[in-house]
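Working notes for the structure below.
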Amino acid sequence: MPIQEPLVKVEALVKRYGAASSAECDESFAAVNGVTFSILPGTTLALAGQSGSGKSTLAFCIAGIEKTTSGHIWIDGRDVTALSERELRVTRSMTQLIFQDPASAMNPRWTALQIVTEPLVIRNQIPRGEQFDRAQMLLKRVGLSMDAGSRRLAEFSGGQRQRIAIARALAADPKLLIFDEAFSALDCSVQAQMVNLLLDLQTSGGITCLFITHDLAMAALVGDQIAVMDRGRIVEFGDAREVILHPLQDCTRALLAASPRIDRPQISSQNS
């Protein structure tokens, strides 16, 4: 059986902030410091860590929002760190980033159908008459009712807004979905619904995800693998079950202690 190539490969990635962008500058701060990992197609890597560990900065680098200081990011075999700004504008749709507050990235005056249709209009790869039908289908796919398309953003709950954000991201036909603390502001019952949606999308559509969270319980539920980040570095990496049952690092154990919802025997059976 041939070895499966990663969809995403990050190698020795560094992102520094400070007076200068040079990696040799002692006065700069490394928010991401020599990070290496890969994600296989159709799988989810859960990236866990405390606030300030560098998770979101890493996500912004992969999504092309932040320019890296050094290192490489390959997405679907293409080194996006070597692309010009013009080339990046063409390839940015490969990666879609879903934030904790989806309303900040959507026009509040538009209906849900208009919001989801926007990427289809920008890409202009299907006839105009089919774009609204495609958007309506995506809203249905993420579990919203038929009448949702005519309602404006203020009429939806937090969980429903996240569903709209996911539908809008899917409209861009991405290679990678990045969830940056996307479910952390929702209550536990809605979080469970969103996790079920994400798992269903992955099963039915083979979606590849980077799921960023400070909640190790959530990481264990959605991730095929877990990476734990601390002070800009990945300090622990492995299968979700192994990381949860046998944490090696103090920061991983601290995250585990702060996630009382984890039932270790259930994690063992679910991921086996």
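Bear in mind that the values in this text are calculations on the coordinates, not laboratory data. Computed from a prediction, not measured in an experiment: that's the story for all the values here. Counting neighbours? That spans all protein chains shown, and the Cβs are built from the backbone with ideal geometry, glycine included.
With the convex hull of the Cα atoms taken as the outline of the chain, the averaged projected area works out to 16.1 nm². Check the straight Cα-Cα distances from K140 and name the lysines below 25 Å, setting aside those fewer than 8 residues away within the same chain. In chain and number order, the partners are K175. In order along the range 247-252, the phi-based Karplus estimate (6.51 cos²θ - 1.76 cosθ + 1.60, θ = phi - 60°) of 3J(HN,Hα) comes to x, 9, 10, 4, 5, 5 Hz; Gly and Pro are listed as x.
Convert 10 °C to kelvin, take the viscosity as 1.306 mPa s, use the Kirkwood radius over C-alpha pairs of the range 24-88 as Rh, and evaluate the Stokes-Einstein diffusion coefficient in µm²/s, rounded to a whole number. Mind showing how you got there, number by number?
Details: Rh = 13.4 Å.
Diffusion coefficient, whole number: 118 µm²/s.
Which whole-number percent gives the relative contact order of the chain, counting Cα pairs below 8 Å spaced six or more residues apart?
24 percent
Counted over the chain, the DSSP beta bridges are approximately 55% antiparallel. Taking N33, N196, N124 as the candidate residues, the one with maximal mean-square fluctuation in a Gaussian network model of the chain, Cα springs under 10 Å, is N124.
The residues packed around E236, meaning those with a beta-carbon under 12 Å from its beta-carbon, carry a net charge of -2 if Lys and Arg are +1 and Asp and Glu are -1.
Can you check what the net charge comes to around L197, using other residues whose Cβ is under 10 Å from the Cβ of L197 (Lys, Arg +1; Asp, Glu -1)? Spell out each step's value before the answer.
Numbers: positive: R141, R163; negative: D200.
That sum, taken over residues with Cβ under 10 Å, equals +1.
Karplus-based coupling profile of the range 231-242, in residue order and whole Hz: 6, x, 10, 7, 9, 8, 8, x, 4, 3, 4, 5, with θ = phi - 60° in 6.51 cos²θ - 1.76 cosθ + 1.60 and x standing for Gly or Pro.
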